[in-house]
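Structure record follows, encoded as structure tokens.
Any read-out appearing in this document is the output of simple, stated calculations on the displayed coordinates, not a laboratory observation. It should be emphasised that the depicted structure is a prediction, and the values quoted were computed from it without experimental measurement. We place every Cβ from the backbone using ideal geometry, glycine too, and count neighbours over all the protein chains shown.
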Amino acid sequence: MSYKDLKKVTADLKLIYTTNMIESYHRQLRKVTKGKSIFPTDEALLKMLYLVTMDVTLKWTGRVQNWGQMLLQLSVFFPERIGQHLP
């Protein structure tokens, strides 16, 4: 999908394209890895990132605003993708 195509996305569908949660997650990862400049092994780094991810995901309890409306829009634009996940 090109940048020009992204401009054509409807206002309802734009509600989905938010990066706040992703940016927050990345900030949490940076916060932990920045404090430790050297990891002894790659496995040590992966373990640290895994533990941070488990901690962060426990706090993800919020609901998505207007989810019903977004689901309808998605099912119109992407029926083959959404349809297989709906009853």
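Just a few scattered comments:
- Each of Asp55, Asp42 was scored by other Cβ atoms within 10 Å of its Cβ. Listed from fewest to most, they are Asp42, Asp55.
- Residue order, fewest to most beta carbons within 10 Å, for Met48, Met21: Met21, Met48
- From phi via Karplus (6.51, -1.76, 1.60), per-residue ³J(HN,Hα) for region 36-45 in Hz, x at Gly/Pro: 10, 6, 10, 9, x, 9, 5, 5, 4, 5
- Pairwise FRET efficiency - Glu43 versus Phe78, Cβ, R0 = 30 Å, nearest 0.05: 0.20
- Between His85 and Gln28, the simple spin-label model (points 7 angstrom out along Cα→Cβ) gives 2.0 nm.
- Residues Ile82, Ile38, Ile22, arranged from fewest to most other Cβ atoms within 10 angstrom of their Cβ, appear as Ile38, Ile22, Ile82.
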